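Novice: If you scroll down you'll find the structure; I have some questions about it.
All of the numbers you see were taken from the coordinates with simple rules; none came from a lab. These numbers were taken from a predicted model, which means no experiment stands behind them. Neighbour counts are summed over all protein chains in view; Cβ atoms, including those assigned to glycine, are modelled from backbone coordinates with ideal geometry.
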Amino acid sequence: MTDNDSVLGSLREAILKGDNKASAALTNDGLAAGMDPMDLVTHAMVPAMDEVGRLFECEEYFVPELLLSARAMKAALEILRPLLAASGAKSAGRVVIGTVKGDLHDIGKNIVSAMLEGGGFEVIDLGADVSAQKFVEAVQERKPQLVCLSALLTVTMTSMKTIIEALQQAGVRDSVKVLVGGAPVTAEFARQVGADGYGENATVAVSLARKFVQL
Amino acid sequence: MSTAPIITDGAWGTELQAQGLSLGESPDIWNLTHPAAVRAVAASYAAAGSRIVLTNTFRANRIALAAAGLADRLEAINRAGVALSREGAAGAAQVYASIGPSGKMLAAEEVTEDGLRAAFTEQAQVLASASADALVIETMSDVDEAAFAVESARTTGLPVVACMVYDSGRNKDRTMMGTTPEQAAARLEQAGASVIGANCGCGIAGYVAIAARLRAATNLPIWIKANAGLPELIDGRVTYRMTPQEFADHARRLEGVTYIGGCCGTNPEFIRALVAACT
């Protein structure tokens, strides 16, 4: 095994274990050894987050592990981002995310946001209790490929429909894919409110997001 | 069922909404701004046969109230919550005061253990001084936070009911943080809970198995307040399709459960059906 392989393996391991100090140190080691930033991303970081997603699906990992791994991924990405930008590489995609009007719950939204950042997306987080108007403005100004809507309360779920309709009226609905999620949300509900996808959990949201930006 | 269960109450937020609570408005502030409406919810559950009613104080810990800009009203909101349920119950039901989650994640370092303990102790002390009969820690998705809340609530000397939400994993039998019913029962019992429970979640159907696992994991009484399934959008309205009778039919399959009530999607009609089916 070459030194480079060893760095890639250790970086992958650090992200899997959620060790953000090690992932940052290994990223710096790799760069010091002259490795290509994009190689670190494609051969260590993306496979690590894929494995995190797999472990989540088979119930070896849960939300705490997801958050730690996403944080370790973010630590490495923050070092690489300026280098990737200089070499012309783009983020995986741009996402506008928020908890819908009337709902102050932001835990689910924050988990999805962290996982999207870990997945290499540029995330514009509008916070909680976000009006349709704010979503429309963010889409017009920031031109994301994706809009993610979160709701925890059954009484605020209908805000998802209001927001999607507002995007339509502003003429920007077709410029984005809309993903919805949150405890009371179901795939059927997502279809009924006119969303493009339903993220049953944070890892599903990230894989759907990836799928949509490839289109 | 060997002995008849004690029927508790159903959902509060949707009942207040029916009386005009608007989207995004804090339900807890209604204890001060719309006391008659809050009292009426407690009265409607007591009239339906609830022997325990909760209080409209679910989001009235300092961390959650601060998010709604209401932290300076903490004491008044909690005091009024107990008093209004007491008045509404009019001697027909006991008043168990509700303590919900902080809304912040320990795992993401949004809040500290000390911060949680301080917030839960403060709320529990006010609820106890307002003469609640017991405290109910509910809708918790992190067993660490729930255990801190139980330990904080125990400082009042009141009995403490401790409930987690099981809605994650393939079989929807884990908390969001991955904890199993067995792990939660052990942890919450060790923290000093007097009753172990589950509430909210993906519906009463799945909670029958959760209840059996809790029953097997502890000798403490079990408390179940499940949702009426998951909601659907019908004619532009969020609707729970499950009927009170269907809910009660599932509830009859709860073995060895001491306290039964409802969560999201339930109302006094569900309590009447539970009383008829289970007692």
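Novice: Using the crude model of +1 on Lys and Arg Cβ and -1 on Asp and Glu Cβ, and no other charge, please compute the dipole size for region B:27-165 relative to its Cα centre, in debye to 20.
Specialist: Once rounded to the nearest 20, the dipole reads 600 debye.
Novice: Just list whichever of A:LYS109/A:LYS177; A:LYS161/B:LYS172; A:LYS109/A:LYS143; A:LYS74/A:LYS161; A:LYS74/B:LYS104; A:LYS17/A:LYS177 have alpha carbons separated by over 24 Å in the model shown.
Specialist: Where the Cα-Cα span goes over 24 Å, the pairs concerned are A:LYS161/B:LYS172; A:LYS74/A:LYS161; A:LYS17/A:LYS177.
Novice: Provide Rg and Dmax in Å for region B:110-220, with only Cα atoms included in the calculation.
Specialist: 13.7, 43
Novice: Sort out for me the Cα centre separation of region B:63-138 from region B:174-210, rounded to whole Å.
Specialist: 20
Novice: Evaluate Rg over Rh across region A:55-116, taking Cα atoms for both radii and Kirkwood's formula for Rh.
Specialist: 1.06
Novice: Debye sum, Cα scatterers, the protein assembly as shown, no solvent: what log₁₀ I/I(0) at q = 0.07, 0.11, 0.12, 0.14 1/Å?
Specialist: -0.39, -0.92, -1.06, -1.35
Novice: So for chain B: antiparallel DSSP bridges make up what percent, rounded to the nearest 5?
Specialist: Of all bridge pairs located within chain B, approximately 15 percent are antiparallel.
Novice: Please give the FRET efficiency for A:SER6 paired with B:ARG241, using the beta carbon to beta carbon distance and R0 = 56 Å, rounded to the nearest 0.05.
Specialist: Calculated value: 0.50.
Novice: Can you grab the distance from the C-alpha centre of region A:101-144 to the C-alpha centre of region A:1-40, Å, no decimals?
Specialist: 30
Novice: Can you tell me, using C-alpha contacts under 8 Å and at least 6 residues apart, the relative contact order of region B:198-247 as a whole percent?
Specialist: Reported relative contact order: 37 percent.
Novice: Please give the calculated 222 nm ellipticity per residue for chain A, where each DSSP H segment of at least 4 residues contributes -39500 (n - 2.57) and the sum is spread over every residue; nearest 500 deg cm²/dmol?
Specialist: Mean residue ellipticity at 222 nm (helix-derived): -17500 deg cm²/dmol.
Novice: Using just the C-alpha positions of chain A as equal point scatterers, what log10 of I(q)/I(0) does the Debye formula give at each q in 0.11 1/Å?
Specialist: So the normalised log intensities are -0.53.
Novice: From largest to smallest, what semi-axes in whole angstrom does region B:6-278 give when each is the square root of 5 times an eigenvalue of its alpha carbon gyration tensor?
Specialist: 24, 23, 18
Novice: In degrees, nearest 10, range 0 to 90: what is the angle between the Cα axis of helix A:63-86 and the longest Cα principal axis of chain A?
Specialist: The helix A:63-86 is inclined about 70 degrees to chain A.
Novice: For chain B, what is the calculated [θ] at 222 nm in deg cm²/dmol (nearest 500), taking -39500 (n - 2.57) for each run of four or more DSSP H residues and dividing by its residue count?
Specialist: Per the formula, -13000 deg cm²/dmol.
Novice: Taking chain A as the reference, fit the longest principal axis to its C-alpha atoms, fit the long axis of helix A:20-32 to the helix C-alpha atoms, and give the angle between the two in degrees, 0 to 90, nearest 10.
Specialist: In chain A, helix A:20-32 runs at an angle near 60 degrees to the longest axis.
Novice: Note the direction-averaged projected area, equal to a quarter of the hull surface, for the Cα convex hull of region A:1-98, in nm².
Specialist: If I average the Cα hull's projected area over directions, I get 6.9 nm².
Novice: Next question, about the same structure. Mean separation of Cα pairs under 8 Å and 6+ residues apart, divided by the residue count of chain B: what relative contact order is that in percent?
Specialist: 19
Novice: Can you give the angle from 0 to 90° between the axis of helix A:132-142 and the longest principal axis of chain A, with both taken from C-alpha atoms, to the nearest 10?
Specialist: 40
Novice: Given the Cα-Cα distance of A:GLN192 and A:LYS21 and 0.36 nm per residue of separation, how much length would full extension add, in nm?
Specialist: Fully extending the segment from A:GLN192 to A:LYS21 adds 57.2 nm.
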